[in-house]
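Here's the structure we're looking at; comments come further down.
What follows is calculated from the coordinates using simple rules that are stated; it is not laboratory data. Note that the structure is predicted; figures quoted are calculated from it, not measured. All Cβ positions, even for glycine, are placed from backbone atoms using ideal geometry, and neighbour counts span all protein chains on display.
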Amino acid sequence: MSTIFEKIISGEIPAEILQQDELCLVIRDIDPQSPTHLLVIPKKVIPRIGNAQKEDQATLGHLLLVAAEVAEKEKLEAGYRIVINNGSDGGETVPHLHVHVLGGRPMKWPPG
Ligand code: 5GP
């Protein structure tokens, strides 16, 4: 069964896409955990970082570069946090790899 992100990538479910290229797209999280909360989602279905393969190396690097690029576009010059949740203890709820970009407020450490 395809995930919500696959449906957004295929256009089956409409979404405001902030930017996209051949490897990924960027959307706003529907349930933002900070004033700015973006998701960088690879178009290739990789369930989670723990399932990524050597052949995904370029895509994974690209996701991080795009995350930094959109953080700059969103003017998060005071800082931001990049998060990848993996598995149930990691807080993963959608089994399609995605990078969270959170900003617009100071973050706490350790994370919850
Ligand atoms: P995870 O918990 O797997 O790391 O992150 C999944 C994220 O996807 C959550 O932050 C959740 O709010 C977001 N999300 C779930 N469904 C949708 C949706 O339909 N549209 C958007 N834009 N975000 C979604």
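Couple of notes before you dig in:
- Complete set of residues in the stretch 35-46 that are more than 16 Å from LYS73 (Cβ to Cβ) and assigned to a loop (DSSP other than H, G, I, E, B): LYS43, LYS44, VAL45, ILE46
- Conditions (1) more than 13 Å from the ligand (Cβ to nearest atom); (2) surrounded by 15 or more Cβ atoms within 10 Å (Cβ to Cβ); number of the one not met by GLU22: (2)
- Positions within the stretch 1-15 being more than 8 Å from the ligand (Cβ to nearest atom) and in a loop (DSSP other than H, G, I, E, B), in sequence order: MET1, SER2, THR3, GLY11, GLU12, PRO14
- For the stretch 79-93, the set of residues classified as in a strand (DSSP E or B) and within 10 Å of the ligand (Cβ to nearest atom) consists of VAL83 only.
- Of residues in the stretch 58-78 being acidic (Asp, Glu) and surrounded by 12 or more Cβ atoms within 10 Å (Cβ to Cβ), the one nearest to the ligand (Cβ to nearest atom): GLU74
- Meets criteria (among the small types (Gly, Ala, Ser), free of Cβ contacts under 8 Å to residues at least 24 places away in the same chain and closer than 22 Å to ILE8 by Cα) for GLY87: no
- Within the stretch 50-78, considering residues that are of a type in the set (S, T, N, Q) and part of a helix (DSSP H, G or I), the one nearest to GLY103 (Cα to Cα): THR59
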